[in-house]
Each structure stands twice: as C-alpha cells, then as structure tokens.
1. What residue, of Ile172, Ile165, is farther than 21 Å from Asp87 by Cβ and within 15 Å of the ligand (Cβ to nearest atom)?
2. Please find, within the stretch 110-130, the residue that is nearest to the ligand (Cβ to nearest atom) out of those that are aliphatic (A, V, I, L, M) and within 16 Å of Val37 (Cβ to Cβ).
3. Within the stretch 131-154, restricting attention to residues that are within 9 Å of the ligand (Cβ to nearest atom) and polar (S, T, N, Q), which residue is least open to solvent (accessible area, probe 1.4 Å)?
4. Residue by residue through the stretch 1-60, note down the ones that are within 16 Å of the ligand (Cβ to nearest atom) and either among the basic types (Lys, Arg) or on the phi > 0 side of the Ramachandran plot (or both).
5. Just one of the numbered conditions (1) buried (at least 17 other Cβ atoms within 10 Å of the Cβ); (2) assigned to a loop (DSSP other than H, G, I, E, B) is not true of Trp123; which one?
6. Residue check: is Ala173 open to solvent by less than 70 Å² (accessible area, probe 1.4 Å), in a helix (DSSP H, G or I) and of a type outside the set (D, E, K, R)?
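The values are calculated or read from the model by the stated rules, or taken from the named source; none is laboratory data. Everything numeric here is computed off the predicted structure, so don't read it as measured data. Positions of Cβ are generated from backbone atoms using ideal geometry, with glycine treated the same way; all protein chains shown enter the neighbour counts. All accessible areas refer to the heavy atoms of the entire protein, side chains included, with ligands and DNA or RNA removed. Shrake-Rupley method; radii C 1.70, N 1.55, O 1.52, S 1.80 Å.
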Amino acid sequence: MGLSFKEAVEKRRTYYGISNASPVSDAEIQEIIEEAVKNVPSAFNSQSTRIVLLLGENHKKFWNITKEILRKILPTDAFGATENKIDGAFGAGYGTVLFYEDQEVVEGLQKTFALYSENFPVWSQHTSAMHQYVIWTALEEVGFGASLQHYNPLVDTEVAKAWDINPRWKLIAQLPFGTPTVQPGEKEIAPIEKRVLVYR
Ligand SMILES: Cc1cc2nc3c(=O)[nH]c(=O)nc-3n(C[C@H](O)[C@H](O)[C@H](O)COP(=O)(O)O)c2cc1C
C-alpha cells in the first residue's frame, strides 16, 4: 500500500465491521507482528511484551470462548447485544492479536532496580500500549481494519488453557482485525490548541 507514516497514523481507526478476508498473506501478518516486537521500545529494554497471533479456527475459538464466558455472567437481555457484537464484529474478522506482558520480566526488574520498583508495572503497560498502537497502525497500513478490546481478565484462565499460555504472561488487550466492511463514522476531534501547547 505504501502509506507514509503520517498517512498511516491519520488513517488508523476503530473498525467494528470486518470480514474474514485478508489483503495479505499470513506470513506478512506474522512479519508485521515480529517487526513490532523487535523494534518497539520498552523500559530498560526489558522486552516484556509477548504476543499470541490467532488466525483461522484459533481466532474463531477465542471469540467462542469469550462469548460462552459472557453468556454465563451477563443477564439474558444484555447478552444479546454482546453476542451480536462478538459474532457480527470481532469473531467475523480474519484474526486476533493477543497482547501479553511477562510478569516474570517485570518482577525481575523490580528486584534488580528496587528504586524504580513501583514504576515497572506502569512502564510494562506503556510498553504494551506502544505495541498495540504500532501493530494496529501497521495492520491498517496493509489494508486491514482493527479494534482494541479488553475481555481480560474474564477470559484469561480459559484462554491460557486453550493455548497453553505461560502462567506468568498477563493478558492486557485483544485486537481483532479483518477486511473493513463498514467504514468508521466521522470522529470528533477536541480543539487541538487546548491539548498541545507550544512555546517558542
Ligand atoms: C487504551 C484504549 C482502550 C480502548 N478500549 C476499547 C475497548 O475496550 N473496546 C472498544 O471497542 N474500543 C476501545 N478503544 C478504542 C477507542 O474507543 C477508540 O480508539 C476511540 O474512540 C477513537 O476512535 P478511533 O480508534 O476510530 O480513532 C480503546 C482505545 C484505547 C486507546
């Protein structure tokens, strides 16, 4: 597609309407993830981020697990809307990126650098967010649409069981993606001059 960085940043949006078609090969998707994990910065270069890329039946399985957990805890009338969202939006996509942070790494840093102990869990979240943003934008750049979801911690145990996830990995966010079928609406952007101050 060859979007510039600026264009990709401008174009990235939240897409709920997505299909299970892919504009690129699975190898390219994997490469996007691996490049992000190699190059996105982390506090003290801790490299605490872990990613699980779910494609095909694995992607569907994730959303089925999520749906069945929510079915058990939501009142019947509220569950209908959730079920529509999962089946019609997230589960209908091509894949899902699961973002984890390795707590063994975070706790190791807390022990080694006791002075910053309180900061490491916060920085781990920052690092995860940077990965989320880069991968979200890079998927947009090749023609996907994605949205950011947070069904953790509700789904953590069952997901860990299903994919034999290291128990020290903490699930932070989920990014379902696919080919856009519905374009996002216009976004309200708050006055920029109140949010960015420049002193020359
Ligand atoms: C930290 C963070 C958490 C978010 N959590 C969710 C979420 O749980 N579910 C969801 O549908 N969107 C979530 N979003 C998406 C935002 O609602 C969305 O990015 C925002 O409304 C701006 O729209 P845009 O993504 O189209 O630019 C999240 C975004 C961020 C940055």
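1. Working: Ile165 fails: within 15 Å of the ligand (Cβ to nearest atom).
On inspection, the qualifying residue turns out to be Ile172.
2. Ala129
3. Checked the stretch 131-154; the qualifying residue least open to solvent (accessible area, probe 1.4 Å) is Ser147.
4. Lys6, Lys11, Arg12, Arg13
5. (2)
6. Spelling it out, it is not the case that Ala173 is open to solvent by less than 70 Å² (accessible area, probe 1.4 Å), in a helix (DSSP H, G or I) and of a type outside the set (D, E, K, R).
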